[in-house]
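Okay, so here's the structure we're looking at.
The values are calculated or read from the model by the stated rules, or taken from the named source; none is laboratory data. Predicted model, so just to flag it, every value in this text is computed and none were measured. Glycine gets a Cβ as well: all are built from the backbone with ideal geometry, and neighbour counts include every protein chain shown.
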Amino acid sequence: MKIAVAAALIAFAPLAANAQTPANQTPDAKPSGPTCTMAMDTALPAALAAWTKPEALPAGASGATQPDIAIGNAYQAQLSPVAAVHYPVAPKKLKDASFGGVFMLTVEKAGTYTVALDAAAWVDVVHDGQTVRGLGNSHGLDCSTIRKTVDFALDPGHYTIEVSSAPRDTAVLMVVPKT
């Protein structure tokens with residue numbers, strides 16, 4: 001029995017060595033295959049060009065203090081402890097001792113939009129007091145610092161982006177038309 005366990009550990013040792021994060025990646029980065037052979041964020045689609053130059057965005061903690069975000073701009077959003085955030089609709093996922101925020105988004109043209117984050121957080125989109133059902137999500141793009149994307153079908157109007165259960169008090173946030 002001990003020989004079988006030792007053989008199994010030896011067989012998986014190369015996989016564990018390849019699972020380490022290369023020096024050019026952040027812990028939240030998503031590599032292509034076992035390692036990324038290019039610098040992070042160098043092969044982003046044109047719609048995400050602003051991702052690498054986010055603007056500062058203050059914390060949005062209530063309906064009265066929702067900062068506006070523009071489609072196509074990236075933001076380094078300040079987040080607050082979730083206990084201090086007043087969400088218009090209770091988030092579907094809310095972890096204690098995590099961070100979140102609320103942000104205003106105006107959509108002028110109907111379509112599918114992608115919300116991208118650099119953190120493993122929960123994202124809800126709210127319109128007229130109702131949570132908009134997400135169309136799908138992914139764990140980000142290969143060789144990028146984008147950790148999560150969620151797609152939503154949005155009509156023209158005003159929306160609240162709710163971020164919850166973030167592990168830290170900042171997150172890069174961006175909304176782009178899905179291509």
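Quick look at the numbers
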{"item": "Matching entry among K109, K148 (being within 16 Å of the chain's Cα centre (by Cα), among the charged types (D, E, K, R) and surrounded by fewer than 21 Cβ atoms within 10 Å (Cβ to Cβ))", "result": "K148"}
{"item": "Selection within region 122-158 - closer than 16 Å to I71 by Cα and assigned to a loop (DSSP other than H, G, I, E, B)", "result": "D155, P156"}
{"item": "Residue list for region 16-61, restricted to those being surrounded by fewer than 14 Cβ atoms within 10 Å (Cβ to Cβ), part of a loop (DSSP other than H, G, I, E, B) and either on the phi > 0 side of the Ramachandran plot or modelled with pLDDT under 60 (or both)", "result": "A19, Q20, T21, P22, A23, T26, P27, S32, G33, P34"}
{"item": "Qualifying residues in region 62-90 (those that are modelled with pLDDT under 90 and either part of a strand (DSSP E or B) or not β-branched (V, I, T) (or both)) - the one surrounded by the fewest Cβ atoms within 10 Å (Cβ to Cβ)", "result": "A64"}
{"item": "Qualifying position, being farther than 16 Å from W51 by Cβ, touching a residue at least 12 places away in the same chain (Cβ under 8 Å), surrounded by fewer than 23 Cβ atoms within 10 Å (Cβ to Cβ) and not small (G, A, S), among L141, L154", "result": "L154"}
{"item": "Residues of region 94-105 that turn out to be exposed (fewer than 13 other Cβ atoms within 10 Å of the Cβ) and either touching an Asp or Glu at 6+ places or on another chain (Cβ under 7 Å) or within 22 Å of T145 (Cβ to Cβ) (or both), as a count", "result": "0"}
